[in-house]
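Right, one structure below, let's go through it.
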Amino acid sequence: MIICEKCGAKVRPGRDRCPRCRAFITVPDPVRARQESRRLATITAILAGCFVLMLAVLWGWRAWGTPPAPTKSTAPPVVSTPEDASAPPAEAAPKALAPVGRDRPFLDAAGAGAAAYQEGDFATALAQFQAALEKNPKDADALSNLGQVLVKMNRPADAIPYLSRAASLSPDQWTYEFNLARALGLVGRLDESIQAYRRAQELLPNDYVTTFNLALSLHKQGDEAAAVDQYQKAITLQPEDASFRKALGISYEKLQRPADAAAAYGEYLRLSPAAPDADKVRARIAELTGARGLSTTPPPESGR
């Protein structure tokens, strides 16, 4: 059946006029219809491709032309290993670096300072954090970061006022207390360092580095019994660190407990059998276990 295009009446094949409206009947050509359909599909595909390409160009232009949002470093550089926490850092050799911030103008002063610190350009980092503090003297992050830069430059005494200020502004931040405690220890203010480490430990009880550094400070102060207690806590938190066992053995020797010291040294060798001082530690164990009393030979150097 054919449908009349004018009135919609059904017309039998073979008629050239509609019986209702007498309009001429046009029989569609199937070949031509298929060609027209393919032509329309091709045009649609081309238009869709152009639209997708235009979106891609616009998105790429936006990503290239719009700088990232400025970010502020909220994680001040801190010591993450016990070895670093026990000795003042050597002053870094100067590096020829491009001025931070000129090639990354989207960074604010604090962000530029953090970037410079990561690159080892401590002079630039110092200047950038100072600029951040000029804008906001109560920026605790900038205060702590500035203090850390000074520690890296082997100026812990100069760092303490900034670290102390950061800790007082944000007394609930473990990082600030930890950084302050370490700087105080580097200048020999052990009583204050121990107090700061204890505050840091209260804020983050399960941090083994804080606990180990507290034990080291107590050992340096001569309170070996308290040091042993903290070493044991650090070992519980991080049982695979060999240096904790060696430090524990040294304190046991100071307390004239040779059997406990030998056992701690044995654990040190078990965890680190290829340690550079392994032979000396084995000899020390032999002395401790073979003598009735405490040997007069000094304990092995801790290396810290």
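Listing for the model above:
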{"quantity": "Estimated distance in nm for a label pair at Asp191 and Leu169, the labels positioned 7 Å out from Cα along Cα-to-Cβ", "calculated": "2.9"}
{"quantity": "Residue exposure sequence - Thr124, Thr211 - by fewest surrounding Cβ within 10 Å", "calculated": "Thr124, Thr211"}
{"quantity": "Theoretical gain in end-to-end length, Leu204 to Ala259 [0.36 nm per residue, Cα-Cα removed]", "calculated": "16.5 nm"}
{"quantity": "Among 232-242, 252-262, the order from most to least packed when residues are scored by Cβ within 10 Å on average", "calculated": "252-262, 232-242"}
{"quantity": "Peptides 279-288, 188-197, 148-157 ordered by average Cβ neighbours within 10 Å, highest first", "calculated": "148-157, 188-197, 279-288"}
{"quantity": "Full-extension gain in nm, Gln232 to Ala283, via 0.36 nm per residue minus C-alpha separation", "calculated": "16.0 nm"}
{"quantity": "Peptides ranked, highest mean first, by Cβ atoms within 10 Å: ranges 268-274, 245-251", "calculated": "245-251, 268-274"}
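Readers should treat all values here as calculations from the given coordinates under stated rules, not as data from a laboratory. Owing to the predicted nature of the structure, the values given are computational and were not obtained by experimental measurement. Counting neighbours? That spans all protein chains shown, and the Cβs are built from the backbone with ideal geometry, glycine included.
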